[in-house]
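Take a look at the structure set out below.
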Amino acid sequence: MGLLSRLELPSASDGKESNETATNKDLQPIPLNSPERTWSWPSLLGFWIAEAFSISMYQVSSTAVTKGLNPGLAILAVFIGHALVCVPAMLDGYVGATLGINFPVYCRSAFGMRGSKFAVLVRGIVAVIWFGTQSYQGGQCLAIMISAIWPSFNHFPNHLPASAHVTSTQLLCFFLFIIIQLPLLYLNVSHLRYMFMAKTFIMPAFGLTLFIWALVQAKGFGPTFHKPTHIADGTPVAVVFFQCVTAAIGPKATLALNMPDFTRYAKRPREVFWTQAVGLMVLVTMCGVLGATVTSAATVIYKVPASKAWNPLYVAQLWDNRAAQFFAGACWAFAVIGTNISANSVSFSNDLSLWFPKYINNRRGAFICALLSVGAVPWYIQNSAKSFSSFLGSYGLFLGALAGILVCDFWIIRRKQLSLSALYSRSPAAAHWFWQGFNWRAFVAFACGIVPNMPGLAKTCNARLHIPKGAIYLYSLAWLISILVAGLVYWALHKISPMAASVDPADVLNGVDSETASDVVVEKTKGKAFDV
């Protein structure tokens with residue numbers, strides 16, 4: 001028996017006998033009455049609470065302060081960004097909850113059976129980069145914890161040049177933190193709710209403590225929130241404000257696409273809408289309030305520039321209390337682990353499973369994600385508040401184009417009439433096969449969605465380029481422009497060259513209660529394509 005044969009998953013099927021596409025258990029739809037549907041509204045709400053309290057989310061609003069916005073405007077930018085990204089998050093999450101499918105399978109409806117591999121590749125690359133970035137942050141947390149116990153660790157010799165943007169200590173802790181995460185990557189998504197619930201209790205309590213400390217030490221809201229807006233480089237305040245809105249969307253642009261990966265485990269699809277709205281717009285924004293408050297307060301308390309105070313771990317190092325430093329590092333490390341597993345390793349695992357369904361499932365994909373994340377060199381992204389903000393804006397425009405196409409396809413063009421069985425068929429006659437497995441409309445729309453932002457992206461990557469200011473200012477709305485343009489172009493192309501509709505009445509959601517239709521569709525497909 002060869003090595004590849006040994007690596008084949010027990011649940012894998014090549015689908016050759018039934019003319020179905022290759023699949024495995026993690027790619028199969030989850031019926032509404034399945035015991036795997038373990039997520040109720042506390043779990044869905046806990047997911048967003050767990051996502052809210054993270055270093056990256058904290059840094060989004062603190063980055064806005066470093067750009068020169070006053071804390072009030074920084075918080076408003078975060079709220080508007082979350083309100084915008086909440087729309088595709090709710091709409092995509094509903095698809096996963098009703099049909100029981102994850103994001104890669106959902107992509108087949110718009111991009112085609114083969115074209116969907118491109119869509120998941122775009123998201124998968126982002127997931128790997130984010131896993132590395134979060135792990136680097138976790139390594140910084142680990143360094144604080146170790147130095148709080150053994151202060152001599154602060155004098156660990158550095159053998160790397162300044163141009164590396166990382167020290168030997170930081171690199172060591174980065175790899176240690178990845179190793180710490182490995183056992184937790186073995187968890188199934190249905191079991192992650194326990195981690196979310198634990199984080200739901202720990203992180204809000206820690207965040208409230210940090211918030212109170214900042215206000216007490218800074219003598220109340222006055223000194224903290226009365227700081228005026230001052231943009232040092234002369235960029236219009238409105239442009240900087242929308243840059244911060246886009247930066248706030250950045251960390252959640254991935255989750256706006258990821259939501260089917262989690263909502264497919266929801267017991268009641270109708271709970272997906274309000275939990276998304278409350279979680280994203282209220283709970284996640286609260287961490288933004290925390291970041292803006294502590295950053296602004298730290299500049300008052302310690303007389304340090306906002307460009308340094310934007311990092312909560314830097315603020316913790318300023319405390320003259322080793323116990324407080326240790327517990328702050330531990331709490332932030334726990335937050336990083338929860339976010340990394342839920343938002344990054346799970347999504348990458350699903351994406352890689354679509355490419356290699358015979359060999360990759362969620363667990364194997366998670367370990368591969370951790371391995372590849374080392375190549376993301378995240379210390380360059382975390383080098384400064386400016387580089388972090390640039391990273392958030394640059395990748396968000398690609399994910400926005402994907403979201404615009406998917407939302408337009410399911411909600412506007414197909415009007416929720418989606419053939420589930422066709423999403424697993426490689427027959428040329430299937431509704432989602434299109435041309436040779438590719439839907440050219442989706443690819444043209446994707447290109448049109450990102451083109452308007454290319455000049456601004458080029459300027460971000462190379463400050464020496466001479467780009468018109470109008471193009472740079474347009475880039476401040478990168479995500480919003482990409483999602484609107486891609487969606488509109490996709491709709492227009494459908495009008496010019498209409499796509500085939502789902503014709504099987506048993507497979508559509510129109511005119512049938514969505515929860516009932518989901519069971520009908522899954523039961524019909526079950527035993528035909530997935531019993532292997």
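Observations, loosely collected:
- Here region 238-355 is treated as a Stokes sphere of Kirkwood radius computed over C-alpha pairs; at 25 °C and 0.890 mPa s its diffusion coefficient rounds to 144 µm²/s.
- With contributions of -39500 (n - 2.57) from each DSSP H run of at least four residues, the per-residue ellipticity at 222 nm computed over the chain stands at -20000 deg cm²/dmol.
- Taking θ as phi - 60° and the Karplus parameters 6.51, -1.76 and 1.60, the scalar couplings of region 68-81 work out to x, 6, 6, x, x, 5, 4, 5, 4, 4, 5, 5, 5, x Hz in sequence order, x denoting glycine and proline.
- Taken one residue at a time, the phi angles of region 121-138 give Karplus couplings (6.51, -1.76, 1.60, θ = phi - 60°) of 5, 4, 5, x, 4, 4, 4, 5, 4, 5, 4, x, 4, 5, 5, 5, 5, x Hz. Gly and Pro are set to x.
- Two-site label geometry, Val444 and Ala162: point separation in nm, points 7 Å out along Cα→Cβ: 5.3
- In degrees, nearest ten, helix 193-217 long axis to first principal axis of the chain (Cα): 30
- Computed on region 33-144, with alpha-carbon pairs under 8 angstrom and 6+ residues apart, the relative contact order is 14 percent.
- Cross-linked pairs Lys25/Lys358; Lys252/Lys495; Lys67/Lys303; Lys267/Lys358; Lys308/Lys469: Cα-Cα separations exceed 19 Å for Lys252/Lys495; Lys267/Lys358; Lys308/Lys469.
- For region 32-518, the spread of Cα positions along the three principal axes, ordered from largest to smallest, is 68, 51, 43 Å.
- Residue-wise HN-Hα couplings along region 421-437, as the Karplus relation 6.51 cos²θ - 1.76 cosθ + 1.60 with θ = phi - 60° gives them from phi, are 4, 5, 6, 10, 10, 9, 6, x, 8, 5, 5, 10, 7, 6, 10, 6, x Hz; Gly and Pro carry x.
- Taking amide H as placed 1.01 Å from N in the peptide plane, the amide H of Ser425 sits under 5 Å from that of Thr21, each at least 5 places away or on another chain.
- Longest segment of the chain lacking trypsin sites (Lys or Arg not before Pro) that sit in a DSSP loop with at most 10 other Cβ atoms within 10 Å: 17-302
- Model label sites at His155 and Phe118, defined 7 Å from Cα along the beta-carbon direction, differ in position by 5.8 nm.
- Accessible surface for the chain, divided over its residues, is 39 Å² per residue with a 1.4 Å probe.
The values are calculated or read from the model by the stated rules, or taken from the named source; none is laboratory data. As the structure is a prediction and not an experimental result, all values here were calculated from the model. Neighbour counts run over all protein chains shown; Cβ positions are idealised from the backbone, glycine included. Just the protein is used for accessible areas: all its heavy atoms, side chains included, with ligands, DNA and RNA removed. Shrake-Rupley method; radii C 1.70, N 1.55, O 1.52, S 1.80 Å.
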